[in-house]
Each structure stands twice: as structure tokens, then as C-alpha cells.
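Q: Take this structure, written in C-alpha cells, and hold onto it; I'll ask about it next.
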Amino acid sequence: MNCEKVVDYIVSWLSGYAAGCGTKGFVVGISGGIDSALVSTLCARTGLPTLCVELPIHQAAAQVSRAAEHSAWLQNIYPNVERTSADLTAAYEELLSALPRKGENYELTTANTRARLRMTTLYFYAGLRGALVAGTGNKIEDFGIGFYTKWGDGGVDISPIGDLTKSEVFELAEWLGVTASILKAKPTDGLFGDDRSDEDQIGATYPELEWAMAEWERGADVADFEGRQREVMEIYVRRNRANRHKMEPIPICTLPKDVKI
């Protein structure tokens, strides 16, 4: 991949989109992970005001420190970058106090609640600044297996890296000089208050999922493979089908004219 050309293209696209909307820069949620590190760096390179927001909720210490390290690194390089931190732990606990503390899929439901609380906060800052919320989802997560929270980290204005695989995200981030601590960290959504990785949750690595996505898009089927390849393909297909509701427009019940008469 020609990193320079890709970076220049995305930065130009970001600048053009912001100008077309008449908005005043970008707001990016900084998690301490590779995706938000890349997106915030690309936004910073536009020269437009870019606010990096750290949003800890019972966060693992390593994630918090990586997020802070990245935000500080950006500020040292780009004068248009600002940073802030909104610790949402107390707000999250207050919200849960008004809701049931048990039930099916309780852990996953509360994790998704964290993501939606963060989304609300990012839009608060964006509203104050007249800015766009820049999404941090990559191609595999957003259009392959739907590994994100609907109306959480999936609730954004623009998707700068939605056409990049995770491997390409790492390649661009390294080329841009993103800090080593982030480049070396295992990808994680940071929604469970521990150190579980994306691979722990999904059951496959991102390179494996990239392979499966390419095979699926060319028309391959699960039955075409054996062993580990078949396992990975099953994981990809199962998640892709289960999460189509995230990746497709909201279904609209279109009424025939004679029904309204």
C-alpha cells in the first residue's frame, strides 16, 4: 500500500467534507487503540480544529495511559489539536442504578450501554464546537462482522477508515509514527473493564477475518474449507448474518397508496 497517497487522499476527503458541511473541525473519541489513534491523526493533519476526547468508564489502566499518551503526542505535533477527558464512570453507575441489574445478556447489554453513553458525550462536544464526530470503525468491524455497538461507536457523522482493513490501519498508523505502545497493544473495544481483546471475543484474529471477508465476497462458502479455515469462515458468516441489521439501512414499512385511502 502506498501510505503517503492513502493518507493524503483521506485527509483531503476529510477537509472537503467538513468544508461542504460548513462545520468547524472534528471530535474523536480516544480509546488507547489503533483505530482511534489513526483517525485522530488523520483529522489532525487536515489543520482543522480536532478535539481528542478520552472517555474512561471503569477502564483498564493500560488503556487509559495509552489514550493519554497518544493525545499528548498529537498535541506536541499539531497545534490545532486539543484534548479533554470526561470520566463517565459515575454517570454510567447512576444510569445502571435506575435499571435492572440482571437478565439475559446483561454483561453485553451493559457494555453496549457504555458505548452509547460515550457516543452521547462525543455529540455533546461536537454540538458545542459545531464539529463532526469522526468514526473509528474499520472495514472488517463495520462492514464485515458488525463488531461495534449500534448507536454507540457506530453512531458517527463520517467514517474515514471504513474502507481500510485492520492490517492496513496498522500499516498507516506505523507510517504516521503513532506511538509504539498503541502499535503493540492487542486490539480491544475496552467495554468490559478488563483486558479482554477483540480476538478473545470474536474467536479469530483480524488477519483471519480479512481472509474470510475476501473469500466470502468472491462467493466462497463455509463448505469449501476444512480445519481452521472452516472455523474462521463459520465465525465470519455467523457474525455477518447476525449483524446485518447494523450494516444496512433501517427497514421502512412503505405503505401502498391503496392502504392509506
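Q: Where a ≥ b ≥ c are the square roots of the eigenvalues of the C-alpha gyration tensor, would you call the range 1-47 rounded, which needs a/c under 1.5, or, failing that, prolate if a/b is larger than b/c, or oblate?
A: Taking the square roots of the gyration eigenvalues as a ≥ b ≥ c, the range 1-47 is oblate.
Q: Mind telling me which of 141, 171, 94 comes out most flexible in a GNM of the chain, alpha-carbon contacts under 10 Å?
A: Per the Cα network of the chain with a 10 Å cutoff, 94 tops the list.
Q: Now a separate question. For residue 27, enumerate residues with amide H under 5 Å from its amide H, sequence gap 5+ or separate chain, H modeled in the peptide plane.
A: Amide H to amide H, under 5 Å and 5 or more residues apart or across chains, residue 27 pairs with 51, 132, 133, 134.
Q: Could I ask something else about it? Among 57, 34, which comes first, second and so on when ranked by fewest other beta-carbon atoms within 10 Å?
A: In increasing order of surrounding Cβ atoms, one gets 57, 34.
Q: A further question follows. Using helices alone, what [θ] at 222 nm do you get for the chain, with -39,500 (n - 2.57) per DSSP H run of 4 or more residues, divided over all residues and rounded to the nearest 500?
A: So the calculated ellipticity at 222 nm is -16000 deg cm²/dmol.
Q: Which one, 211, 240, 254, projects farthest toward the positive side of the charge dipole computed for the range 210-261 from Cβ point charges (K/R +1, D/E -1)?
A: Checking the options against the dipole of the range 210-261, the answer is 254.
Q: Listing 166, 102, 139, 186 from the residue with the fewest other Cβ atoms within 10 Å to the one with the most, what is the order?
A: Fewest-to-most ranking of 166, 102, 139, 186: 102, 186, 139, 166.
Q: Find the all-direction average of the projected area of the Cα convex hull for the chain, expressing the result in square nanometres with one decimal place.
A: 18.0
Q: Which order results if 58, 70, 245 are arranged by neighbouring Cβ count within 10 Å, fewest first?
A: Result, fewest neighbours first: 245, 58, 70.
Q: Which value in Å is the Kirkwood Rh of the range 203-249 over different Cα pairs?
A: About 10.9 Å for the range 203-249.
Q: Scanning the chain for helices, which whole DSSP H stretches are 20 Å or more long along the axis (Cα) and average 0.5 or more by Kyte-Doolittle?
A: Answer set is 3-21.
Computed from the coordinates by the stated procedures, all read-outs in this text should not be read as laboratory data. The structure presented is a predicted model; accordingly, all values stated were derived computationally and were not measured. With ideal geometry, Cβ positions are generated from the backbone for all residues, glycine too; neighbour counts draw on all protein chains shown.
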